[in-house]
Every structure is written in structure tokens, then in C-alpha cells.
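Here is the structure we will look at.
The values are calculated or read from the model by the stated rules, or taken from the named source; none is laboratory data. As the structure is a prediction and not an experimental result, all values here were calculated from the model. Heads up, the Cβs are rebuilt from the backbone with ideal geometry, glycines too, and the neighbour counts pull from every protein chain shown.
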């Protein structure tokens, strides 16, 4: 996607603003998870009923990906960001004062749908990147997104404990989102994307999504890799708490909640995968991603009660998932610059579906075979990713340029010629 903005429209500090915005907004999806026990006690409902609030957040985010992200190919992005941030802030305030768990769930559904904004920012930053630097730009912003997802649970738990109420988490999130409303839109392109008129109306945008998957081989590869690698990630994290609290490890819930911080160094290191994507191409970084995640599951298999081994594995897994995401989106966005928003919609929907599948399969495997069943299942998903990558590599050798990969050494994204350049 390119924009009608001129280079003079790019402000200094655009990448840090985009990275911060993705971190703050994506945190709105996950910060409720540590608060569910307080929510259950506050409303006098069961844990399973309170858990529907988190479920509403996941459903809302999926709806936002499908319903909102395609607008990145058509809408005025500055105006769209204002609308989404306003809706999110108001929904967070509604959640903070919700008198019942049902209304809290409805507010969470709305705020999660409008929190699809990070997936609007990602194709935008790819369009604004200088030629040959899209991977570096995506790496910087993608790291912000990962950090927001990782740290939101810890932050909300600390805020709720300090304030003595889960409502404080919603109020702080509303304030942070409202603050973004004063900053982020000024850094977004003011005009419509080039080719917006040709993209047709909203209904036509949505109708074009299935055709994109059939048309673009790079999208199919990225979707397959994103779904399988994220399935392994979700399988691990959805069952880790059971493993850590059960004998012989037997940690308490508070320590389990802080264990997620162990993967922060690996996620931060993945930022440099954007530069590797620009230099070597997405497939090379995807190979590194799958190998890193596979090494993590090898450590999980032999970790036993060793928390150090688990922590090292967490970093390898975090690096693998984040670096793979950067490479996948760089490939996808290079495939069709005029359709980046819709391409990202299809890709993220595949990733989301993979995560849900991984969590579901892991639950069944843990009940039947324990922790080693989960490790085997996660390794199985990674095997599928490796097979997809190998098949694609063999297929690409039959072409003269290997252009299906969409990016690589010496390649530039010709679709960004009219876009304001952001240098990573």
C-alpha cells in the first residue's frame, strides 16, 4: 500500500511512535487475563463465567482483523486511527464502570475489535519504509507489538494489586489510549492510499479476501508458516501454568505470572531479524525462526524441573515466533503493495486460527499425555512449518528469479515509490 502523502509529511520519530502505539494498543487485548480472579470475586460469579471476558477479547480481536484491517487499503489512515483510538478509549472507560460481567464482556468485545489498529499500522509502516528497509521498519514496530503483549499481563496485575481493584487496569489503559489519540494520528499519512478508488466499496474489499489467498503464493506460504509456528507458541504458553504449578515444580500462581518476562530478551533480539530479512530474504529468516523454535521444544523436552532450561527455551521460542512474524509480513507486504491491508487481514486471520488450534490441541494432549504430550504436539506443528518451507523452496528453484519470496538481497518494494520514506 502506498499513500498520496509527500516525503515532507514524515515526522522525525515516526518509528518510535508507531512501535509505542502498537505496544499500548495490543496490550488492551491481554491485560484482562491476570484480572479474571478479581473480576469473578467482584461480581460474585464463577471463574468460568469471568473467563468469558477474556474470550470476548479474543473474539473481538478476530472480528477487528476481518472488519477493520482491510480499510487500510481504502480509508484515510489519519482519520481511521482517530476513530479506532476514540472507540477503544471509550470502551475501556465503559469497562471500568461496568455494573455486570455481561456488560464488561460487551465492552471488552468492542475495545478488542477496535484494537486491530496495530495490524493497520504494520502495512502502513511497510509502505512508508525507504526502499530496501521494510524489514528493518517492521522489525522495530513488531518488537513493540510483542513487548506490549508480553508485558501487559504483568503490568495490569501490578496495577490491580496496588489499587485494590481490577477496574484500575481499565482506567490506566483508557488513559494511555487517550494519550495516543493526541499523538499517533499526527504521524499517520493524511491522504488515502494510492489506488483506494480502484479498491471499491467496503463490501468489495471484504469479498476480495479469499481471492487474495488463491492468487498470491507468498501469502499462502506466510499464512502456513505463521499459523503453524504460532500454534506451537500457543500450545506451550496455554499449558505452561499447569506444568509449573504441578509437582515436582510446584510454583505458586504469582511466580507463574512473572515467568512470561523470561521471553522478553528473545523478543527484543528478534528486532534485528528485520535487517536480516532485508539482506537475506524472508525464507532464510523463516528457516532461522523454525530452527530456533525447534531448539526451544528440544529444551522443553529435557528440562525436567530446571527453570533455567525452561527460561532459555522461552527466549528461543520468543525469538523464533517474533522473527518469523517479521519475515512473514515482509514477504506478504511485498507481494502486492496496493493490497497490503487485505493481505495482512488474511495473514493475521491464519495466525489467529493457528494459535487457537494450538491451544485446543495442547489442552487435549496435556490431559491425555501430560507435559511431554504438549512438547510433542508443539514439535509436530513446527515439523509442518519446516515441510511447508522446504516444499516452497524446492518449488521456487523452478522459477528464474525466485520472486515468490517477495523480498531479499538487493530487492526493493516498487510499491513504495510514492510513499513517504521512513528510515529504520
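Screening residue 352 with (1) more than 26 Å from residue 127 (Cβ to Cβ); (2) in contact with a helix residue (DSSP H, G or I) (Cβ under 6 Å, 6 or more places away or on another chain); (3) surrounded by fewer than 24 Cβ atoms within 10 Å (Cβ to Cβ) gives one miss only, at (1).
Table: residues versus (1) surrounded by fewer than 18 Cβ atoms within 10 Å (Cβ to Cβ); (2) touching a strand residue (DSSP E or B) at 6+ places or on another chain (Cβ under 6 Å); (3) at pLDDT 90 or above.
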residue: 56; (1), (2), (3): no, no, no
residue: 74; (1), (2), (3): no, no, no
residue: 79; (1), (2), (3): yes, no, yes
residue: 84; (1), (2), (3): no, no, yes
residue: 89; (1), (2), (3): no, no, yes
residue: 99; (1), (2), (3): yes, no, yes
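The number of residues in region 200-216 being modelled with pLDDT of 90 or more and surrounded by 19 or more Cβ atoms within 10 Å (Cβ to Cβ) comes to 2. Just one residue in the set 42, 132 is surrounded by fewer than 23 Cβ atoms within 10 Å (Cβ to Cβ), in a helix (DSSP H, G or I), assigned by TED's automatic domain parsing to the domain that holds residue 202 and more than 18 Å from the chain's Cα centre (by Cα); that residue is 42. In region 372-385, is there at least one residue being outside the structural domain of residue 124 (by TED's automatic domain parsing) and within 16 Å of residue 66 (Cα to Cα)? No, because not a single residue in region 372-385 is outside the structural domain of residue 124 (by TED's automatic domain parsing) and within 16 Å of residue 66 (Cα to Cα).
Considering each of 301, 334 in turn, give the residue that is over 19 Å from residue 266 (Cβ atoms) and more than 17 Å from the chain's Cα centre (by Cα). Residue meeting the stated conditions: 334. Taking residue 50, is it surrounded by 21 or more Cβ atoms within 10 Å (Cβ to Cβ) and either modelled with pLDDT of 85 or more or more than 30 Å from residue 343 (Cβ to Cβ) (or both)? Here the answer is yes, as residue 50 does meet what is asked. The numbered conditions (1) touching a residue at least 60 places away in the same chain (Cβ under 8 Å); (2) under 28 Å from residue 392 (Cα atoms); (3) under 21 Å from the mean Cα position of the chain (by Cα) are all true for residue 239 except (2).
Residues in region 373-399 that are surrounded by fewer than 16 Cβ atoms within 10 Å (Cβ to Cβ) and at pLDDT 95 or above: 376, 383, 387. Could you say whether any residue in region 216-232 is part of a helix (DSSP H, G or I) and out of contact with any helix residue (DSSP H, G or I) (no Cβ under 8 Å at 6 or more places or on another chain)? Taking every residue of region 216-232 in turn, none turns out to be part of a helix (DSSP H, G or I) and out of contact with any helix residue (DSSP H, G or I) (no Cβ under 8 Å at 6 or more places or on another chain). Taking each residue of region 85-102 that is assigned by TED's automatic domain parsing to the domain that holds residue 168 and looking for partners that are surrounded by fewer than 18 Cβ atoms within 10 Å (Cβ to Cβ) and outside any helix (DSSP H, G or I) with beta-carbon atoms closer than 7 Å, six or more apart or interchain, yields 101/45. Flag: residue 116 does not match the condition of being within 28 Å of residue 331 (Cβ to Cβ), surrounded by fewer than 24 Cβ atoms within 10 Å (Cβ to Cβ) and within 24 Å of the chain's Cα centre (by Cα).
Please work out which residue is surrounded by the fewest Cβ atoms within 10 Å (Cβ to Cβ), limiting yourself to region 137-167 and to residues that are under 12 Å from residue 122 (Cα atoms) and out of contact with any strand residue (DSSP E or B) (no Cβ under 6 Å at 6 or more places or on another chain). Among those residues, the one meeting the criterion is 140.
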